[in-house]
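**Student:** Following this message is one structure expressed as structure tokens.
The values are calculated or read from the model by the stated rules, or taken from the named source; none is laboratory data. What you are looking at is a predicted structure, and each value in this text was computed from that prediction instead of being measured. Please note: Cβ atoms are built from the backbone with ideal geometry, for glycine as well, and neighbour counts cover all protein chains shown.
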């Protein structure tokens, strides 16, 4: 299957992007501290669930995220955690742009997701 081979080549190119290398470096820092990794993972899971349950951009989402950020303030204000979450977000944007471009170019309707 040629498309699998070509996709793997493309993935290797993504792994050379600054967004990817920054993310990997920041992730390694977080993973070097098991307690911090556990707390960051808890925060990310709760944040994800809030966005799914209340809808990104809704007032309820905003209110619940404020509460969550207050609860995890001591964790998410650490410089290494800030860098990690920012790097993760930048890489997620790259992946989103790639997915969106693929869907657009093959005229694959994903408008129901919005």
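**Student:** Can you pull out every residue in the range 45-79 that is surrounded by 14 or more Cβ atoms within 10 Å (Cβ to Cβ) and assigned to a helix (DSSP H, G or I)? Before the answer, list the steps.
**Tutor:** First, the residues of the range 45-79 that are surrounded by 14 or more Cβ atoms within 10 Å (Cβ to Cβ): 46-47, 50-51, 54, 61, 64-65, 68-69, 72, 75-76, 78.
46, 47, 50, 51, 54, 61, 64, 65, 68, 69, 75, 76, listed by residue number.
**Student:** Follow-up question, since we're still on this one. Checking residue 17 against (1) loosely packed, with under 11 Cβ neighbours inside 10 Å; (2) over 13 Å from the mean Cα position of the chain (by Cα); (3) at pLDDT 95 or above, which test does it fail?
**Tutor:** Failing condition for residue 17: (1).
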